[in-house]
Amino acid sequence: MPHFIDIILPIPIQRTFTYTVTEDEANFLQKGMRVAVSFGKTKMYTGLVFNIHTNAPTLYEAKEIHQILDEKPLVNEQQLQHWQWIANYYMCSLGDVYRASLPSAFLLESETIIYKNDAFLDDSILEDDEFLIFEALQHQSQLTIHQVVDILGKKKVMPTVNELIKKSAIYIKEEIYEQYKPKLVKYVRLHSDYSSDESLNSLLSELSRAKKQRDAVLTFFQLATTKKPIKAKDLTEKAKVSSAILKSLADKNIFEIYHIQTDRVQYKGNTNDLKVLNEFQEKTLAEIKETFKEKDVTLLHGITSSGKTEVYTKLIQEVLDKGKQVLFLLPEIALTTQIIVRLQFYFGEQISVFHSKYSINERVEVWNNVLENKTKARIILGARSSIFLPFSNLGLIVVDEEHETSYKQFEPSPRYNARDAAIVLAKIHNAKILLGSATPSLESYFNSQENKYGFVTLNRRHGNVQLPKIELINVKEKYRKKEMNGHFSDRMLKLIQEALDLKEQVILFQNRRGYSPVVECKTCGVSPECPNCDVTLTFHKFKNELRCHYCNYQRAMPNSCGACGSNTLDTKGFGTEQIELELKAIFPDFKIGRMDLDTTRGKYGYQKIIGAFEAREIDVLVGTQMLSKGLDFDNVSLVGILNADTMLNFPDFRAHERAYQMMVQVSGRAGRSKKQGNVAIQTYNPFHQILQQVSTTSYTEMYKEQLQERWQYKYPPYYRLIKITLKHRDFNKVDSGVNWLFKALYSSFGEHVLGPTAPAIARIRNQYIKNIVIKIPPKQSLANTKNQITKIRNTFEAVKDFRPIRFIIDVDAY
Ligand code: ADP
Ligand code: ZN
Ligand code: ZN
């Protein structure tokens, strides 16, 4: 009897492919193992076994596989189940999910490029075939798998290449990835033995003969007068001593060398026990456990700085005690070194961090550790892609800051929301899932009010610190009364000055980077635009450049207008760079820092700035929305929002909800440890209902009002949205395609099809864009709707003229 397998290939075609195998192979193979196969005329791929059976395909003759690549499944049954849900729900191929799930080192294909690892020296451990490839790489800087086939003179090369990767003799093409390094800057402090004056005097006389060491200690006291932590580097430079001197002082227990980030944690308790919960947290924990008796999903609505993280750690501990795995999802790993350090403080070695920006080797390692259920991968801390790891025994998923947009993947497919996919993942494992936020998404809050999710609140800041006082500053009035200095109102400047006088720190939020977003000619009114996108260029003063924030196009700032030739170019609007420059002029004695995409690009970019701010080397930090994501600084007493209006006027049905979340989250960075903080918001529109709700932190009021609008205008959570986007270089092609598509959809769904519309930026990277949105009413079957859309899509793609148009489907496109 012939035997067959259906396999998933990492390509965007909506089905599996059948290959034939021998009886022995069929007996050996299991679902979730990889096989190397050829596909098309010349391509070779790594496929994944999805099914094993004896039914020959009817439409084509099944080819043989090249070979089996695994001894044991690399992907387990639960994952396959999860993938099917994702493919189905988000209307993509299993191949898309397969490609997104596995680290690319597991997915060799004919076009994969391999390189020699220069750090690999011991070629004696290589087998003959492996050595041949390795040697070829001495003469040629890179090879494709295709070329390897020629070199070895056989088709079955994948295991050899896999083995070379495993032995670290070669690596495959990857971007330059950042490695996670929590400890960054070395600091020096005096050992606690020397806190009294007498001990200090005796110390100095003790050191009278060791001149260099004495210099180091004296310089240390000089630097210590600033009351800021002292960097080892500053000390060695100023005292003109080597770091060996510091080390010998540390060996003598005179100095202590420490790293600022671990210090923050050790400072509060010096033990690895979990913190003792305060009474409110204790109650919250009990309530969460109570809801888990009946519900699988619970939403924790806890105000900023209420100690949600501490509550999570208790739940995590209980799940670990049962020998189960925990997935802790974070919106953006780069911004969350703080939380990694905090959790490592409690759970140490049991935590693995996973992120798509990690090197392939690191990702492979985490994958294998999770697959084998190793103790060092009991807790996975990761961004959205960590939902794809091979968990076998999940007990709990925590989705921190569940409202965050970065849980949604927009490009490439699968366009999933990791929070929603995590809920399904938890269900597959019979695990519990806790969604946490101070500003829950409307959908999650709605689900909790509808009793679909459990619901628990935590309304006290730890230590009973009050939520910050929020005041709205009317800039229209301030301009009229001439009380503005650049983009700062006199009131804002006064508050900043007061905070700085008390040696407290300030965060200023401006959700636009660069110097100013629009340059305009005062004579003719024309603005320089990007040649590739329909958008005006942003002026970056530091480099005297105009840049496109959509395609990274850049050019020098011209002296005169390109349209009329007058030299009357003027800037309009303002970004973080301009704010930073104005502040430097107003507060020349203080250190101003900036955190936005432009300053955090380099390796460890974020960590450096966050570390410097924690160490109080920066007094005022100016930044974009990056500042709103769960950071915990204990000395920030003022948060200023410079221009609330751009957020409110964004053309999107969620703009108001998002503006509320953003402002409340940024405000939440103020007054976290000792005393109540201040928040000042500059706006032209102080009576806007969202600003009123922000100023009183009235989440439920915001919720009710927004929900009302969602109902009225037919938006989620009542209606579901599927967005279809067409893209092509030729405007007319997209236009005729989208008109055809609209008619077809309209005849099925009528008035629930909106469009076709061009987005606010109608052309990006020379691709013209058109959108159609399909609204699905509460009672309409989602499955039927999707089937119908798929049918229409197939017909569309059968039209020869439309075939080159990119067709993108985004389910829950928000
Ligand atoms: P949230 O995540 O709700 O914004 P955090 O968990 O970051 O709040 O807590 C805010 C700060 O208060 C943190 O520095 C945290 O260590 C501290 N904290 C919270 N709960 C406790 C507790 N029970 N004991 C000691 N410190 C706590
Ligand atoms: Zn002009
Ligand atoms: Zn552009």
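The values are calculated or read from the model by the stated rules, or taken from the named source; none is laboratory data. Just so it is clear, the model here is predicted, and its values are computed rather than measured. Note: ideal-geometry Cβ built from the backbone for every residue, glycine included; neighbour counts use all protein chains shown. For accessibility, only protein heavy atoms count, side chains too; no ligands or nucleic acids. Shrake-Rupley method; radii C 1.70, N 1.55, O 1.52, S 1.80 Å.
The table below gives the values:
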item: Identity of the residue in the stretch 56-91, over 24 Å from Leu108 (Cα atoms) and either modelled with pLDDT of 95 or more or under 31 Å from the mean Cα position of the chain (by Cα) (or both), that ends up most open to solvent (accessible area, probe 1.4 Å); result: Asn88
item: Complete set of residues in the stretch 360-387 that are within 19 Å of Leu425 (Cα to Cα) and part of a loop (DSSP other than H, G, I, E, B); result: Glu372, Asn373, Arg378, Ala383
item: Strands (runs of 3 or more DSSP E) enclosed by the stretch 138-219 - at least 1 residues per element that are under 32 Å from the mean Cα position of the chain (by Cα) and modelled with pLDDT under 85; result: 170-172, 186-190
item: Residue under evaluation Thr536, criteria (1) out of contact with any Cys (no Cβ under 9 Å at 6 or more places or on another chain); (2) within 16 Å of ligand 3 (Cβ to nearest atom), criterion not met; result: (1)
item: Sole exception among (1) away from ligand 3 (no atom under 16 Å from the Cβ); (2) part of a loop (DSSP other than H, G, I, E, B); (3) open to solvent by 40 Å² or more (accessible area, probe 1.4 Å) for Cys561, by number; result: (3)
item: Top-ranked residue of the stretch 528-554 - restricted to ones that are part of a loop (DSSP other than H, G, I, E, B) and touching an Asp or Glu at 6+ places or on another chain (Cβ under 7 Å), ranked as farthest from ligand 2 (Cβ to nearest atom); result: Phe542
item: Scope the stretch 535-556; condition at pLDDT below 90, out of contact with any Phe, Trp or Tyr (no Cβ under 9 Å at 6 or more places or on another chain) and either under 15 Å from Pro517 (Cβ atoms) or among the aromatic types (Phe, Trp, Tyr) (or both); matching residues; result: Thr536, His549, Tyr550
item: Condition check for Thr42: surrounded by 17 or more Cβ atoms within 10 Å (Cβ to Cβ), under 39 Å from the mean Cα position of the chain (by Cα), over 17 Å from Ala26 (Cα atoms) and touching a residue at least 40 places away in the same chain (Cβ under 8 Å); result: no
item: So Phe328, is it over 28 Å from Asn117 (Cα atoms), more than 19 Å from the chain's Cα centre (by Cα) and among the hydrophobic types (A, V, I, L, M, F, W, C); result: no
item: Tally of residues being modelled with pLDDT under 80 and assigned to a loop (DSSP other than H, G, I, E, B) across the stretch 600-630; result: 7
item: Top-ranked residue in the stretch 294-309 [being surrounded by 22 or more Cβ atoms within 10 Å (Cβ to Cβ) and either without any contact (Cβ under 8 Å) to a residue 60 or more places away in the chain or not hydroxyl-bearing (Ser, Thr, Tyr) (or both); ranked as nearest to His429 (Cα to Cα)]; result: Val297
item: Subset tally (residues that are farther than 15 Å from Gln497 by Cβ and touching an Asp or Glu at 6+ places or on another chain (Cβ under 6 Å)) for the stretch 576-590; result: 1
item: Any hit, the stretch 330-337, residues being polar (S, T, N, Q), at pLDDT below 95 and either open to solvent by less than 20 Å² (accessible area, probe 1.4 Å) or more than 16 Å from ligand 2 (Cβ to nearest atom) (or both); result: yes
item: Verdict on Glu709 being within 32 Å of the chain's Cα centre (by Cα) and either open to solvent by less than 30 Å² (accessible area, probe 1.4 Å) or farther than 24 Å from Pro12 by Cα (or both); result: yes
item: Candidate set from the stretch 561-612 (those that are under 14 Å from Gln510 (Cα atoms) and of a type in the set (S, T, N, Q)); member that is nearest to ligand 2 (Cβ to nearest atom); result: Gln578
item: Pair list, Cβ under 6 Å, 6 or more apart: the stretch 371-393 residue among the charged types (D, E, K, R), other residue in a helix (DSSP H, G or I) and crowded, with 22+ Cβ neighbours inside 10 Å; result: Arg384/Tyr407; Arg384/Ala418
item: Extreme residue, surrounded by the fewest Cβ atoms within 10 Å (Cβ to Cβ), among residues of the stretch 520-547 that are within 32 Å of the chain's Cα centre (by Cα) and among the polar types (S, T, N, Q); result: Asn544
item: Which listed residue is under 23 Å from Leu493 (Cβ atoms) and out of contact with any helix residue (DSSP H, G or I) (no Cβ under 6 Å at 6 or more places or on another chain), from Gly575, Gly525, Gly562; result: Gly575
item: Of the criteria (1) within 30 Å of the chain's Cα centre (by Cα); (2) at pLDDT below 95; (3) among the polar types (S, T, N, Q), which one Ser781 fails; result: (1)
item: Residues within the stretch 107-123 that are under 13 Å from Asn361 (Cβ atoms) and open to solvent by less than 20 Å² (accessible area, probe 1.4 Å), tallied; result: 0
item: Single unsatisfied condition, Gly593 versus (1) touching a Gly at 6+ places or on another chain (Cβ under 9 Å); (2) away from ligand 3 (no atom under 16 Å from the Cβ); (3) over 30 Å from Lys228 (Cα atoms); result: (3)
item: Any chance Lys503 is basic (Lys, Arg) and without any contact (Cβ under 8 Å) to a residue 12 or more places away in the chain; result: no
item: Selection count, the stretch 237-255, where residues are polar (S, T, N, Q) and in contact (Cβ under 8 Å) with a residue 40 or more places away in the chain; result: 1
item: Residue in the stretch 577-598 that is at positive phi and crowded, with 20+ Cβ neighbours inside 10 Å present; result: no
item: Listing of helices (runs of 4 or more DSSP H) fully contained in the stretch 232-314 that carry 1 or more residues being away from ligand 1 (no atom under 16 Å from the Cβ), of a type in the set (S, T, N, Q) and modelled with pLDDT of 85 or more; result: 232-239, 243-251, 279-294
item: Only one of Tyr553, Tyr606 that is surrounded by 14 or more Cβ atoms within 10 Å (Cβ to Cβ) and within 16 Å of ligand 3 (Cβ to nearest atom); result: Tyr553
item: Single match in Asn771, Asn766, Asn787 (criterion: without any contact (Cβ under 8 Å) to a residue 60 or more places away in the chain and surrounded by fewer than 15 Cβ atoms within 10 Å (Cβ to Cβ)); result: Asn787
item: Residues that are surrounded by fewer than 21 Cβ atoms within 10 Å (Cβ to Cβ) and part of a strand (DSSP E or B), drawn from the stretch 20-36; result: Thr20
item: Single residue of the stretch 506-519 satisfying the filter (assigned to a loop (DSSP other than H, G, I, E, B) and open to solvent by 10 Å² or more (accessible area, probe 1.4 Å)) that is farthest from Ser560 (Cα to Cα); result: Asn511
